[in-house]
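Coordinate-derived values only; no laboratory data. As the structure is a computational prediction, the values presented were derived from the model and not from experiment. Glycine also receives a Cβ, built like all others from the backbone with ideal geometry; neighbour counts cover every protein chain displayed.
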Amino acid sequence: MEWSLKEDLRDCLVAAAPYGGPIALLKNNARKEKSPGVRPLLEIYSASGLLLASIPWKSGQLVQLGWTASEDLLCIQEDGTILVYNLFCEFKRHFSMGNEVLQNHVLEAKVFHTEYGTGVAILTGAHRFSLTTNIDDLKLRRMPEVPGLQKPPSCWAVLSQDRVTIILLAVGQDLYLLDNTSCSVVTPPGMSPSAGAYLQMAVSFNYRCLALFTDTGYIWMGLATLKEKLCEFNSSIRSPPKQMVWCMRPQSRQRAVVVAWDRQLMVVGNSTEFVLDEDSYLVPELDGVRILSRTSHEFLHEIPEASQEIFKIASMAPGALLLEAQKEYEKESQKADEYLREIKDQKLLPEAVSQCIEAAGYEHEPDTQKSLLRAASFGKCFIDKFPAESFVHMCQDLRVLNAIRDYQIGIPLTFTQYPLLVLRRLYPLAIRICEYLRLSEIQGVSRILAHWACYKVRRQLGGWPSRSLGWGWGRSGWAVVLLEYEPRSGEQVPLLLKMKRSKLALSKAIESGDTDLVYTVVLLLKNELNRGTFFMTLQNQPVALSLYRQFCKHQERETLKDLYNQDDNHQELGNFHVHSSYSEKRIEGRVGALQNALDEYYKAKNEFAAKATEDQIKLLRLQRHLQEDFDKPYLDLSLHDTVSNLILDGHHKRAEQLYREFKIPDKRYWWLKISALANRGDWEEMEKFSKSKKSPIGYLPFVEISVKHHNRYEAKKYAPRVTPEQRVKAFVLVGDLDQAADAAIEHKNETEMNFVLSKCTASTDAAVAEKLNRARAQLLKK
Amino acid sequence: MAFAGRRDVPEPPDFGILKRLARDQLIYLLEQLPGKKDLFIEADLMSPLDRIANVSILKQHEVDKLYKVESRPAISASDQFCFLVRPRIKTMRYIADIVNADKMSGRSRKYKIIFSPQKFYACEMVLEEEGVFGDVTCDEWSFYLLPLDEDIISMELPEFFRDYFLEGDHRWINSIARALQLLNSLYGPFGKAYGIGRCAKMSYELWRDLEEESEADGQGRKPEIGNVFFMDRDTDYVTALCSQVVYEGLVDDTFRIKCGSVDFGPDVTSSDKSIKVLLNAQDKVFSQIRNEHFSSVFGFLSQKSRNLQAQYDRRRGMDIKQMKNFVSQELKGLKQEHRLLSLHIGACESIMKKKTKQDFQEMIKAEHSLLEGFDIRESTSFIEEHIDRQVSPIESLRLMCLLSITENGLIPKDYRSLKTQYLQSYGPEHLLTFHNLKRVGLLTEQSAGETLTAVESKVSKLVTDRAAGKITDAFNSLARKSNFRAISKKLGLIPRVDGEYDLKMPRDMAYVFSGAYIPLSCKIIEQVLERRGWLGLEEVVRLLNGNEFSVSGSTSAPG
């Protein structure tokens, strides 16, 4: 180990992350009360003991440290507050485990991992349990009370069964199972009645097995469901062990529990004893146990079958023979052929090669790996069509594993842990590969390896890791290079953001066509840049600008104004003010907003809009007066409707005034006035008006509008004044077919005659029809 | 539309699958919130939802009460709220207000937001800003396509036009791409893809990207869709601006067809209540008249009613057995047909009342002159009078836009005076309307000289580049020329007829506008399909501002 610890591990709070993860140490924690001058020190080391970061601990008293699945450090305080730090001792966030915990304090805490994520279980001073199964989606559960529990349980563990998290605790000779609703007493099957009180318990990495240690030195090993006993053992050591953890390999039938006392380590299952030179700390792993101490860091595991077969003394397994054959071959000895023949005769050559490849993976020494791989390569030559993938992949995987096992990087990952992590989508591992690579300055891992790792891991993960890989390399610039290999710009963006290449991220986001991404980047930029720079950046990206504008329109209207201001977009500013004028309730406010709009329109050289706005201001003021004078609503009517309403109410003078003031075109005014008068039924005024001067719209509208209001009498007054071209139509409208016929005949217009004829009914208009027919016949004759 | 009676056209694929998929997913989503819940539905999702799942289906899945989003929520005792909404910022604030009000009064409920067709990040952001992000759960109802008829499917995204063409907001392009992906996965790979317009091209490319990412292997499936044609709305504004004169169009103009169904009011049903009628190929009467020129519809309907009467009359000479047969088998069908027939006759009368007025005739006349480019001054005066007399705000705008598009913009004097008239008639807020219309190029001013063309050619050069194509829309405001006159000449959109155009036995597509104009978009599709590509249409493409593409097998990148 690289670290040079002065303290004993037992004086520190220790937490090591699984999968060869980092180690957190809190020194001087216990001494706090005695010498308040010394602050505890929080340190994070790589698995090889390289100091990654350290900070003096300034917050409250810590009870427990733990790691999350994504390698954040959880610092659990006595008051139930949990502080989250990243790998580099940078504070991320904090959360509380609730009031109950705050009042009664944390007695003990455990951090555990399930399919839901990382959970925390807490035993309070009131001997109650509180837990959450996922700290990222905090839902606190308070477990039911254990009846009659007066002192803290001697030991307890968190179990996960059928996706339910439960707590197993031991009080003296009794075991209790706590689930969401109830507390039940359980007895493990086959438990010796004289076993005594429970001192320690251990749950396996996968929550399948459970081990119990009692004060008689008796160890019970069985399934965590407490349905079956696997074996039992008497250690004859009565003192309580410091730690007890499972050591087993996935898929292996061998099961063993490692029990550690101060100076002694016992592997129970096949019962081997080791002497510990110094104070140690056990870290359970998927396929074994890591043993940490001040000077060393060891990995204890069951030797996998492939390795056993090959390296067992006097083994005749095909792999072992192949390894021998290869060695002899290098010595140029004919024995190579003999060994080879022996394997081939049993038709076991493919198996031998596979064995060697597999065993190479379990080896940590590059030399041994190499000799095994060389043997596999040698054997491969004698097989037709041996698929090369497994060999190639093993070589690739080992390169990565060896690189990260380097003490400077210090991730002692085993081969079993490696692909399982990836398959389980525990991508933090991949992130970590990079994070460590960044820290170490080794140039040994070339860029090629980086590319390859990216490719390799991505293939296994389906796209994820290049994202995660790039993350870590960060500023070294590699990530950007790497990212160019990422085919989907959508995947590039989050990374670029992470690397603070926000502007590049913005272009990439726009290129991806995914507006969600664009929004993400825009909002990050908004917080990252000062307002001026932010707006400038947007000005160069119309797509992003449009999106941001849309957002502002609905959510931050004031920002919209700033945006236009920045751009000197006076036209839009004008529009903006017009728009806001409608949300102003008071007329002064409305006029004020329009005045602003007016200024902007002038600046935009939009005279039309300026004029229209000016008129509107004028109209608003007038409408207010009208409203006061006549006590009727005029506000918000259009000019047309305002004038029309005035006439309807008989205020002809005021209408006239508006007509002149707003330069309403004559045609409109006449149309407007006659329809308003007709609506009012003021035929007298209409006649007066018709005579005031020559109508700019002619007199047909007078006829039409009168007829529309079913007043033929009035309509008839105007019909003769209609221009000759429209007179036929006018007479037909008023129902005077005789005059209509006369007009048509006068015009000598056949179409008109036909039109009048079509209106004639045989019974009443016979004379007219005859007149018309005659005229038409005469016309056709010519 | 309506392939009925044409044997050379293959059966359309079964688009009903889309409905079933949408229904199943909706049920699944509702079940994700077990127990009784109140459902809040966005107003414009109501009609589409109605076509997918009716109230009884919703009730089956424990929807207790239904509310419309936007109406103030009734005081509800339910402790679960489910919101079925479009991804709009406004709606998010509405939801946030409800949640916050509950919080203030110390009420705890479960809230679930279902976005259709997809969730946008901006929505989550607003929820976060309003402080309710942690209180709600979000889901997506991938309801991209609604089959309105056997041969029409729609995305039912009314805000698309405004968002894309006016605001330059590209978010819906992703939805289009996903809709295409859905079609592709259900009905096999498209035989050939053609398109024109920048949005069309972007959608196509994004869809291809999605397909490549998903790696789903649609190959080897029997392709049920032969050709797909992508076209931007702004390629052909003219057609949409002309008054419709075929039956379905007039029904839409008069009664508004919503999601393939229409509400016929009391004046049509000749009773005191409204009837909701689905207008599709299932309606035997409607399917025969929907595409007919209105002038021939009445004759057809009276013929039809005579036939029906004859069928009823047959029963006179029947014996008991025949009668039994008739009642059990034919009568129901006849009654149904009878009901439909009387409804459509009622609708026709209603339309006639509105459309045979002189105003309508004159408007059609003005439209036709605009299309042909004759008597522009007279038409302009007509429009002015139309505005002055406050005939209809929307019709006036439509005519102004038609004038602008066909004439490549209004001459400055008219532009100013028509706008002034309009503002006087309908209020100054339309200053913003005009600004927007100018921005999308629907109502513009003729500019002096050729300055615009210079910028234009620069722009079109830029946008041939893929990346630049995505930048877009800064240029959108540079009102593009519509070039309608030139296109119309090139494609012969105005039929030259000697004598009367026979509307009963039309020679070309122009009959849908009484023989005055062949719809541009239809003509383009006809031409491209005939030539199996854009070859020989270079001039037209240039006039339409380019961005055309045609891809075979729809696997390679667009050329």
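Basic side chains Lys and Arg get +1 at the Cβ, acidic Asp and Glu get -1 at the Cβ, and with that the dipole of segment A:111-193 about its Cα centre reaches some 220 debye. Helix A:724-734 and the longest principal axis of the C-alpha atoms of chain A enclose an angle of approximately 80°. For segment A:351-356, backbone phi angles converted through the Karplus equation (6.51, -1.76, 1.60; θ = phi - 60°) give residue-by-residue couplings of 5, 4, 4, 4, 4, 5 Hz, Gly and Pro being listed as x.
With respect to chain A, whose longest principal axis is taken over its alpha-carbon atoms, helix A:502-512 is tilted by about 70°.
Do any GluC sites (Glu not before Pro) in segment A:50-101 lie in a DSSP loop with no more than 14 other beta carbon atoms within 10 Å, and if so, which? Display every interim value, and only then the final one.
Numbers: sites: A:71, A:78, A:90, A:100; in loops: A:71, A:78, A:90.
Passing both the DSSP loop test and the Cβ count: A:90.
Which entries in the list A:717/B:413; B:65/B:273; A:6/A:151 go over 31 Å, if you measure between the two C-alpha atoms of each? Table pairs above 31 Å Cα-Cα are A:717/B:413; A:6/A:151.
Out of segment B:257-312, which trypsin sites (Lys or Arg not before Pro) are coil in DSSP terms and have no more than 11 other C-beta atoms within 10 Å?
Working: sites: B:258, B:273, B:276, B:284, B:290, B:304, B:306; in loops: B:273, B:290.
Here the trypsin sites (Lys or Arg not before Pro) that fit, given the DSSP loop and packing criteria, are B:273.
Seen against the Cα atoms of chain A and their longest principal axis, helix A:464-473 is set at about 80 degrees.
Students often forget the sequence filter, so: which lysines lie under 19 Å Cα-Cα from residue A:385 once same-chain residues fewer than 8 apart are removed? Partners within reach: A:344, A:347.
Rounded if a/c is under 1.5, else prolate if a/b is larger than b/c, else oblate: which is segment A:117-259, with a ≥ b ≥ c the root eigenvalues of its Cα gyration tensor? Verdict is oblate for segment A:117-259. The aspartates and glutamates within cross-link reach of residue A:694, meaning a Cα-to-Cα straight distance under 16 Å and a gap of 8 or more places when in the same chain, are A:666, A:685. Cα centroids of segment A:701-762 and segment A:389-403: 102 Å apart.
Which of B:201/B:489; A:632/A:667; B:284/B:332 have a Cα-Cα distance over 19 Å? Among B:201/B:489; A:632/A:667; B:284/B:332, the Cα-Cα distance tops 19 Å for B:201/B:489; A:632/A:667.
For each pair in A:708/B:354; A:561/A:603; B:355/B:419, compute the distance between the two Cα atoms and list the pairs where it is over 19 Å.
Numbers: A:708/B:354 15 Å; A:561/A:603 15 Å; B:355/B:419 27 Å.
Correct reply: B:355/B:419.
Of all GluC sites (Glu not before Pro) in segment B:489-559, which ones are in loop regions per DSSP and have a Cβ with at most 11 other Cβ atoms within 10 Å? When the GluC sites (Glu not before Pro) of segment B:489-559 are filtered for loop state and at most 11 Cβ neighbours within 10 Å, B:500 remain. Rounded to two decimals, the Cα-based Rg/Rh of segment A:35-188, with Kirkwood Rh, is 1.00. Within a straight-line Cα-Cα reach of under 17 Å, residue B:36 can be paired with the following aspartates and glutamates, leaving aside sequence neighbours fewer than 8 residues apart in one chain: B:62, B:64, B:79.
Between the alpha-carbon centres of segment B:330-363 and segment B:237-251 there is a gap of 17 Å.
Looking at the protein assembly as shown only, what percent of DSSP beta bridges run antiparallel? Nearest 5 please.
Details: 110 of 135 bridges.
Here the antiparallel bridges make up roughly 80 percent for the protein assembly as shown.
Positive end of the dipole of chain B (Cβ unit charges, origin at the Cα centre): among B:16, B:509, B:96, the Cα lying farthest that way belongs to B:16. Got a sec? Which residues in segment A:1-16 would a label at residue A:364 touch, if it sits 7 Å along Cα→Cβ and we count backbone N under 16 Å? It comes to A:1-3, nothing else. Placing +1 on each Lys and Arg Cβ and -1 on each Asp and Glu Cβ, with no other charges, gives segment A:1-110 a dipole about its Cα centre of roughly 240 debye. By the gyration tensor of its Cα atoms, with a ≥ b ≥ c the square roots of the eigenvalues, what is the shape of chain B: rounded for a/c under 1.5, prolate for a/b over b/c, or oblate? Rounded. For the pair segment B:407-444 / segment A:183-221, the C-alpha centres are spaced 87 Å from each other.
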